[in-house]
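Undergrad: Following this message is one structure expressed as structure tokens.
Taken together, the values in this text are just the output of simple stated rules run on the coordinates, not laboratory data. A quick note: this is a predicted structure, and the numbers were derived from the prediction, not measured. For neighbour counting, all protein chains shown are included, and Cβ atoms are generated from backbone atoms with ideal geometry for every residue, glycine included.
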Amino acid sequence: MLLPTERILSAQTRPVEARLVDHKTTHQKLSTSGLLLTSLQPRYDSTLTVEQRRSAENGVWLCQNCAKLVDNDESLFPGKLLSAWKIVREHSALTSIGQTVHSSVETEYQRKHRQILQWKGQRVMWVKMPTPQQAMTLGTRPWSSVQLTVLDCTEFYVKIKGDGWDNSRSIPMRNIEIGHDDRFDLPELLEYDR
């Protein structure tokens, strides 16, 4: 279980610990999946049987950061609150079965790839940008822009071909910035030497 503000990005993003909401004895047990099972002694409930205390129904799953917060402040995280969170998260997990979860984190290259891929087979403007040393003597845009076609695009490169070019050309995504040519009302690929 994660605190309500957390979201699972992938199974490998962080280690997870199992915490028992109520257990009389303190013990640690490493499960077959490599997760740590520990007890929360302050939340002991004498009305539970030994079997109930050891039951998975009495446990909550937390990332290490949240487990530390929960362990250190019983008044802020009472057993009833943890149980309520567990019910909410289990319901959320059950209703999301079969639905793809997309990572909310997108790299700069992924963002560029997604945008440039829309222009595949279309005309765009390409501008070779000067290095900082060249810009000092030649200006910020010393060369004319060229209309060309985007042939392909991955997260790592953009493949382009201009009119009259014998061969296509691949540009590393790290060297590309995206702009807009107002004169031709076309997307613009700015190529930098990096």
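Undergrad: Could you figure out which of (1) touching a Cys at 6+ places or on another chain (Cβ under 6 Å); (2) assigned to a loop (DSSP other than H, G, I, E, B) isn't true of Leu76?
TA: (1)
Undergrad: Which condition does Lys128 not pass, out of (1) over 33 Å from the mean Cα position of the chain (by Cα); (2) surrounded by 15 or more Cβ atoms within 10 Å (Cβ to Cβ), if it passes all the others?
TA: Among (1) over 33 Å from the mean Cα position of the chain (by Cα); (2) surrounded by 15 or more Cβ atoms within 10 Å (Cβ to Cβ), Lys128 violates only (1).
Undergrad: Let me ask something else. Just checking, does the stretch 140-150 include any residue being surrounded by 13 or more Cβ atoms within 10 Å (Cβ to Cβ) and either acidic (Asp, Glu) or in contact with a Ser or Thr (Cβ under 8 Å, 6 or more places away or on another chain) (or both)?
TA: Taking every residue of the stretch 140-150 in turn, none turns out to be surrounded by 13 or more Cβ atoms within 10 Å (Cβ to Cβ) and either acidic (Asp, Glu) or in contact with a Ser or Thr (Cβ under 8 Å, 6 or more places away or on another chain) (or both).
Undergrad: Further question: Quickly run through the stretch 53-76 and pick out the residues that are more than 28 Å from the chain's Cα centre (by Cα) and without any contact (Cβ under 8 Å) to a residue 12 or more places away in the chain.
TA: Answer for the stretch 53-76, where residues must be more than 28 Å from the chain's Cα centre (by Cα) and without any contact (Cβ under 8 Å) to a residue 12 or more places away in the chain: Ser55, Ala56, Glu57, Asn72, Asp73, Ser75, Leu76.
Undergrad: Any idea which of Gly179, Gly162, Gly121 is touching a Leu at 6+ places or on another chain (Cβ under 7 Å) and more than 23 Å from Thr107 (Cα to Cα)?
TA: Of the residues listed, the single one that is touching a Leu at 6+ places or on another chain (Cβ under 7 Å) and more than 23 Å from Thr107 (Cα to Cα) is Gly162.
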